Amino acid sequence: MTLTPAQALAEGRRVLAEVFGYTAFRGQQADIIAHVAAGGDALVLMPTGGGKSLCYQIPAIVRQRAGMGVTLVVSPLIALMHDQVGALREAGVEAAYLNSSLAPEAAEAVEQQLMRGELTLLYAAPERIVTPRFLARLQSLHKFGRLALLAIDEAHCISQWGHDFRPEYRELARLAECCPGVPRIALTATADALTRADIAAHLRLDGARTFVASFDRPNIRYTIVEKDHALRQLLRFVAAEHTLADGRHEAGIVYCASRRKVEEVAARLQAAGLRALPYHAGLDTSTRQRHQDRFVREDGLVMVATIAFGMGIDKPDVRFVAHLDLPKNIEGYYQETGRAGRDGEPANAWMAYGLQDVVQQRRLIDDSGADDAFKHMLRAKLEALLALAESTGCRRQQLLAYFGEDSAPCGNCDNCLQPPQTWDATEAARKLLSCIYRLQQSGAAFGAGHVIDVLRGQVSDKVRAHGHERLSTWGIGRELDEATWRRVLRQLVVRGAVEVAGELHTLHLTAAARPILRGEQALRLRVIAEGRSVRPQRPARALLSEARLPLRQREVLAALKRWRADIARAHDLPAYVIFHDATLVALAQRLPARDGDLVGIPGLGEKKRAAYGAEVLRIIAQALDAAGAQPYEPLAASA
């Protein structure tokens, strides 16, 4: 049986309402679902929290109902497979996963379900899919017309230009060979034009339609601060914006560049009273899994991690993502910050950034074994991120421009809320470059500390030993303090006018210094205001959607959350897999009293109404009775 796009869309709308409990698609979901369910190939770019999963889950259900068989979903993440399969089963969809967490007997049982046609979706890791044995099973399904769709999630992993390249993803090109004619959809939250082209080429999706949703996450506030005791800055930020009235903290992720730093920061946060856990590749598998499970299932935990953590984490109520070290590129920064605020409520992306970050990232590129072309690409991507960090304009506007999207100033990033003052640092830059030049003429290269001592006329043992108090640049920069000179130096390093080299971090001029020395290129820097902070973006007591509820409805919501937590523990699933907060808020708003009142509650499909409807009504009635209130006529389902 084949479906036209119109038929596919009509069936997709039916599935959306019956299975998932929603009445309308968001953004480009309708166009993507109609195209894929009708048999078209697609490359989909949609931000985290934008509803990517429905773009293949609904076509999978539509095509299975039309007798076309199972959908195979390629996913690199065990935790994501577990939670998504759990969510589908809760919604009444037959789904399973194959990964290394299964015992051999359990894996074989799943494969037998697959071959008997008992599954609608099967999630599997890429390294399992490309084995000859599994490919043979796919070919058998395809031969008998029982393979409906191939979905490749986290598709940026296939590209060497992407921020999370995984070699095993390259082998997925074999799917086009073994299963010709089966529609394929590749999905990712982050990919620039170069990465998109690489994905399409390696997956042989040349004729696929490309759907690019807006990259804007308007609920996320972007803030980048200059490093000045970064851990203390982080603690002040969490205390100001992510501490509840009763002293508990909201959930967040803190990214660090090294395993050692992860451990140190987690210990410091714990000492400061935060419930913090470390996560990095140096921990044993069971510890990593235990920490990840706690993070997604418990409230108010802060995960301190390397970038080994986060892909596929669907926890909707992460209220902040903080970076204590500079990411490698904008794609990585966007992907990592996008893990905040998946529920659409206000969230923060906060980063502390300094000169050493620039030096470290440049060194990693220079010391890599990549060829010159690849290094050039890495440097260009780093430059784009550095420009974002140093910008005095709207952060969101510059971030979206990187992905080719135009926007007006957002009014909600640090630079929009408190526009920074700037000063003309051109003359200061010329002085610093001249000082580096004179020091090089003296026969050696020196680091930032020594250069700044010479500029400021500060006598030290090293100055005396080299006789640098006799240089023409001695003391010509006394008007600026050390911190300001370091900011000037950082900007010159960012612009490529100064290179930091070797283990001693010595400074060297490049060809890009010439136009600045000649006065042909201006340099403006932000004025760092003492105690500068962005005002908190929301009350600390509750999320906006909850804060709008009257008291008795907030009590109903609290009762529903307690009940949901019990169900989640019994099912060994995160609470949001049972019901999203938005569903519970809608229940608390409408206060349904009868079965019919549950129809139209977002996220409450037919299976969930049958499984939980009576309990939900009982919990609401009990909560209202305890509050001394009676249910009133609920709002209409369309309200």
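Spin-label model, Thr23/Glu482: points 7 Å from Cα along the beta carbon direction are separated by 6.4 nm.
If R0 is 30 Å, what FRET efficiency do you get for Ser258 and Arg133 from their C-beta distance, rounded to 0.05? Calculated value: 0.15.
If you find the alpha carbon centre of segment 280-306 and of segment 404-441, how far apart are they in angstrom? Using only Cα atoms, the two centres lie 38 Å from each other.
Dipole magnitude for the chain: computed about the Cα centre from +1 point charges on Lys and Arg Cβ and -1 point charges on Asp and Glu Cβ, it is near 620 debye.
Stretching Arg552 away from Asp572 to a fully extended chain increases their span by 4.2 nm, per 0.36 nm per residue minus the current alpha-carbon distance. The string of couplings for segment 238-244 from the Karplus curve (6.51, -1.76, 1.60, θ = phi - 60°) is 5, 5, 6, 10, 9, 10, 7 Hz, one whole number per residue in order, with x for Gly and Pro. Rg and Dmax of segment 220-418, based on Cα coordinates, read 16.7, 55 Å.
In order along segment 253-264, phi translates into HN-Hα couplings of 10, 10, 9, 10, 7, 10, 4, 4, 5, 4, 4, 5 Hz, rounded to whole numbers, per the Karplus curve 6.51 cos²θ - 1.76 cosθ + 1.60 with θ = phi - 60° and x for Gly and Pro.
Charge dipole of segment 246-335 (Cα centre as origin; +1 on each Lys and Arg Cβ, -1 on each Asp and Glu Cβ, all else neutral): 220 debye, rounded to the nearest 20. Think of the chain as having a plus end and a minus end, set by charges on the Cβ of Lys, Arg, Asp and Glu; of Ala103, Ala305, Ala91, Ala305 sits farthest toward the positive end of this dipole.
Projecting the Cα atoms of Gly50, Leu598, Thr510 onto the charge dipole of the chain (Cβ charges, centred on the Cα centre) puts Thr510 farthest toward the positive pole.
Protection proxy ranking, highest mean first, for peptides 107-113, 211-217, 322-328, 5-11: 322-328, 211-217, 5-11, 107-113, where packing is the per-residue count of other beta-carbon atoms within 10 Å, averaged. Taking amide H positions as modeled 1.01 Å from N, with prolines and chain starts lacking one, the residues under 5 Å from Val70 and 5 or more places away or on another chain are Leu147, Ala148. Legend: calculated FRET efficiency, Leu504 to Arg438, from the Cβ-Cβ distance at R0 = 25 Å, rounded to 0.05, equals 0.85. Please say if segment 544-626 is rounded, prolate or oblate, where rounded means a/c under 1.5 for a ≥ b ≥ c the square roots of the C-alpha gyration tensor eigenvalues, and otherwise the choice is prolate for a/b larger than b/c and oblate otherwise? It comes out rounded by the Cα gyration axes. Sorting 368-378, 398-408, 66-76 by their mean Cβ neighbour count within 10 Å, with the most densely packed peptide first, gives 66-76, 398-408, 368-378.
A crude spin-label estimate for the pair Arg524 and Asp293, with each label 7 Å from Cα along the Cβ direction, gives 5.5 nm. In the chain, Cα pairs under 8 Å separated by at least six residues give a relative contact order of 13 percent.
Between Ala173 and Gln418, the simple label model (points 7 Å from Cα in the Cβ direction) yields a spacing of 5.1 nm. Using only side-chain charges placed at the Cβ, +1 for Lys and Arg and -1 for Asp and Glu, the dipole size of segment 423-526 relative to its Cα centre rounds to 200 debye. Rank Ala197, Ala322, Ser434 by how far each Cα sits towards the positive end of the charge dipole of the chain (+1 on Lys, Arg Cβ; -1 on Asp, Glu Cβ) and give me just the farthest. My answer, from the dipole projection, is Ser434. Between 0 and 90 degrees, the angle of helix 355-367 with respect to the longest Cα principal axis of the chain falls at about 80 degrees. Using R0 = 51 Å, the C-beta based FRET efficiency linking Ala627 and Leu235 works out to 0.85. Applying the Karplus relation 6.51 cos²θ - 1.76 cosθ + 1.60 with θ = phi - 60° to segment 21-37 yields 3J(HN,Hα) values of x, 10, 9, 8, 6, 10, x, 8, 3, 4, 5, 5, 5, 4, 5, 6, 5 Hz, where x marks Gly and Pro. When both bridge partners sit in the chain, DSSP labels roughly 15% of those beta bridges antiparallel. Scanning residues 5 or more positions from His323 or on other chains, those with amide H under 5 Å from its amide H are Tyr255, Trp350, Met351, Ala352, with H placed 1.01 Å from N in the peptide plane. Between segment 324-378 and segment 41-116, what is the C-alpha centre distance in whole Å? Answer, in whole Å: 31. For segment 5-212, rounded, prolate or oblate, judged on the Cα gyration tensor with a ≥ b ≥ c (square roots of eigenvalues), a/c < 1.5 rounded, else prolate if a/b > b/c? Rounded, because the longest to shortest axis ratio a/c is under 1.5.
Helices in the chain, meaning DSSP H runs of at least 4 residues, each add -39500 (n - 2.57). Divided by all residues, the mean residue ellipticity at 222 nm is -13500 deg cm²/dmol. The Cα center of segment 604-623 and the Cα center of segment 121-198 differ in position by 39 Å.
Taking the C-alpha atoms only, the angle from helix 104-115 to the longest principal axis of the chain is near 60 degrees.
Once P(r) over Cα pairs in 10 Å bins from 0, in percent is calculated for the structure shown, the corresponding label among (i) 3, 15, 25, 26, 19, 9, 2, 0; (ii) 3, 13, 19, 22, 18, 12, 8, 4, 1, 0; (iii) 3, 14, 23, 24, 18, 10, 6, 3, 0 turns out to be (iii).
Read the figures in this text as sums done on the coordinates, not as results from a lab. As the structure is a prediction and not an experimental result, all values here were calculated from the model. Using ideal geometry, Cβ is built from the backbone for each residue, glycine included, and neighbour counts are taken over all protein chains shown.
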